[in-house]
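Since every read-out is calculated from the coordinates, none of them should be taken as a lab result. The shown structure was predicted, so the numbers you read here are calculated from the model rather than taken from an experiment. Here the Cβ positions follow ideal geometry from the backbone for every residue, glycine too, while neighbour counts run over all protein chains shown.
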Amino acid sequence: MKFILIALLSSLLFPLSTLAHGPTPQKAKESIVINASVEAVWNAVKQFDAIANWHPDVKASAGDGKHESGGIRTITLQNNGQLIEELDYYNDQDHEYNYRLKTENVKAFPTSSYSISLQVKAGDDAGHSEVLLKSRFYRGDTGNSPPENLNDEAAVAAMNQFFKNGLAGLKQKLEN
């Protein structure tokens, strides 16, 4: 009898647990081929705190000058919102670094957290490079019913546009 009662209660409560869910991680990935050597492209992007020199969505950037795990930069976007980011990994030899959002600011950018990887590698043709940006992130509102401006779709659209604009800006800077 005790077993039947436990089984009955479990079957009644199980469906309720499926209604409670949080956000799922989202991903973005963009790349571009640039008519410039790996060294030329890497020289343009390797200064973690100088993203404003090539990314059109970034009005200003400043940092502590560290190009190693723990390095910090503050970027000011065109909407005047600021994001503070921290380097997790930096490898000059492999032309790659990874960083993450250190301080959330959903008014500036509709994500509550993100990690981004930037890598420069040789392209298929001599004298060409491929730049790859990848990210894993969560929407700005991690509740079960986020508003439209902070939901998964808004976060994915913002991250993809940020990547596309940045890569196009880098290409324009290096090829013109």
Which net charge results when you count Lys and Arg as +1 and Asp and Glu as -1 among the other residues whose beta-carbon is under 13 Å from that of ALA155? -2
On alpha carbon coordinates alone, what is the Rg over Rh value for the range 125-176, Rh being the Kirkwood radius? 1.18
Given the pairs LYS66/LYS173; LYS59/LYS107; LYS27/LYS173; LYS59/LYS121; LYS134/LYS171; LYS59/LYS173, which are separated by over 22 angstrom at their Cα positions? LYS66/LYS173; LYS27/LYS173; LYS59/LYS121
Quick one: net charge of GLY169's neighbours, Cβ under 14 Å, K/R +1, D/E -1? +1
Around GLU104, with a cut-off of 15 angstrom between Cβ atoms, what is the net charge of the other residues, counting Lys and Arg +1 and Asp and Glu -1? +1
What percentages make up the Cα-Cα pair-distance distribution of the range 23-175 when the bins are 10 Å wide from 0? 12, 42, 34, 11, 1
Length gain on complete extension for the stretch ASN79 to SER31, per 0.36 nm per residue less the alpha carbon to alpha carbon distance? 14.8 nm
